[in-house]
Amino acid sequence: MSDILRQVDDDLRKDKLHNLWNKYGLYAISSLLIIVVIIIVYQVKNYTDKINNEKLLEIYINASNEENTFLQISQFEELKNSNNKYLSGMAEFKIANLQIEKGNIQQGLTDLQEIIKNERYDPIINDLATYLLLVKKINDFTEDELMTFIDDDMLKESRFKFLFKELISIKKILHGKNDEGKKGFQELVDNPDTPIEIRI
């Protein structure tokens, strides 16, 4: 009797599984296929991104090592519109710096201002461009003009915050505010987080 009941129970279970498969099997296979396709697409995208970034990095290194300034600029121009925001920003920064070195100072400074305004780039690129622009224009800018480029967030969060504070102190001394400038320098010296090169 128990064998018959067990057999009936097994048949009912098989029937339920068969009905479930008929009802939801197609959805299960479709879901599994979609997951597999997503994983494959993700892996292929990562691989192609890696290959593209390696090519861009190679162009950047070759351009950095190029001795002919004209060729350097043209190679960096190739990188300006790439999808890699960091390399793209660095390429544009290098072009601006090369323009300044070549004597095209106004063009280089204009390029730096474009980088500063461009929110597409990594913030460190914007801060680097800001720092170079302020160094080049420190004698031309008034203290107020200098401070239009440096906001409170930059003085707290930027990786260049100590360099910006140093520039502010230098500007104060250049404008005859010696006590304020020295106070700024003393704060940098007393701050244990200030990099040793700046403290020296």
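Once you charge only the Cβ atoms, +1 for Lys and Arg and -1 for Asp and Glu, what is the size of the charge dipole of region 154-194 about its Cα centre, to the nearest 20 debye?
With only Lys, Arg, Asp and Glu charged at Cβ, the dipole is about 180 debye.
So what is the accessible area of the chain per residue, in Å², with the probe set to 1.4 Å?
Averaged over the residues of the chain, the accessible area is 70 Å².
Quick one: dipole size for the chain, taken about the Cα centre, charges +1 on Lys/Arg Cβ and -1 on Asp/Glu Cβ, in debye to the nearest 20.
360
Suppose we flag GluC sites (Glu not before Pro) only when DSSP calls them loop and at most 15 other Cβ atoms lie within 10 Å. Which is the longest uninterrupted stretch of the chain?
120-200
Show that you can apply the helix-only estimate: for the chain, add -39,500 (n - 2.57) for every DSSP H stretch of four or more residues, divide by all residues, and state [θ] at 222 nm to the nearest 500.
After summing the helix terms and dividing by the residues of the chain, the value is -27500 deg cm²/dmol.
Springs between alpha-carbon pairs under 10 angstrom, Gaussian network model over the chain: which of Tyr86, Tyr42, Tyr131 fluctuates most?
Checking each option, the largest mean-square fluctuation is seen for Tyr42.
Pick from Leu134, Leu20, Leu155 the residue whose mean-square fluctuation is largest in a GNM of the chain, springs joining Cα atoms under 10 Å.
Of the options given, Leu20 has the highest mean-square fluctuation.
Considering only Cα-Cα distances, which of the following residue pairs are longer than 30 Å: Lys80/Lys172; Lys156/Lys182; Lys117/Lys172; Lys23/Lys45?
Too far apart for the 30 Å limit: Lys80/Lys172; Lys23/Lys45.
Roughly speaking, to the nearest percent, how much of region 55-200's 1.4 Å accessible area is carbon and sulfur?
Roughly 48 percent of what the probe reaches on region 55-200 is carbon or sulfur.
Quick check: with the 1.4 Å probe, what order do Ser158, Ser64 take by accessible area, largest first?
Ser64, Ser158
Could you work out how far the C-alpha centroid of region 182-200 sits from that of region 44-94, in angstrom?
Cα centroid to Cα centroid, the span is 36 Å.
In the Gaussian network model of the chain, springs joining C-alpha atoms below 10 Å, which of Asp122, Asp111, Asp190 carries the largest mean-square fluctuation?
Asp190
Take Thr148 and Glu66, extend 7 Å from each Cα along the Cα→Cβ direction, and tell me the distance between the two endpoints in nm.
3.4
Cα gyration tensor of region 107-200, axes a ≥ b ≥ c as square roots of the eigenvalues: rounded (a/c below 1.5), prolate (a/b > b/c) or oblate?
The shape class here is oblate.
Please enumerate, by chain and number, the aspartates and glutamates with C-alpha under 16 Å from the C-alpha of Lys94, excluding those fewer than 8 residues away in the same chain.
Answer for Lys94, where 16 Å is the Cα cut-off: Glu58, Glu66, Glu67, Glu77, Glu78, Asp111, Glu114, Asp122, Asp127, listed by chain and number.
The values are calculated or read from the model by the stated rules, or taken from the named source; none is laboratory data. Here the structure is a predicted model, which is why all the values come from computation and not from measurement. Note that each Cβ is placed from the backbone with ideal geometry, even for glycine, and that neighbours are counted across all protein chains shown. Just the protein is used for accessible areas: all its heavy atoms, side chains included, with ligands, DNA and RNA removed. Shrake-Rupley method; radii C 1.70, N 1.55, O 1.52, S 1.80 Å.
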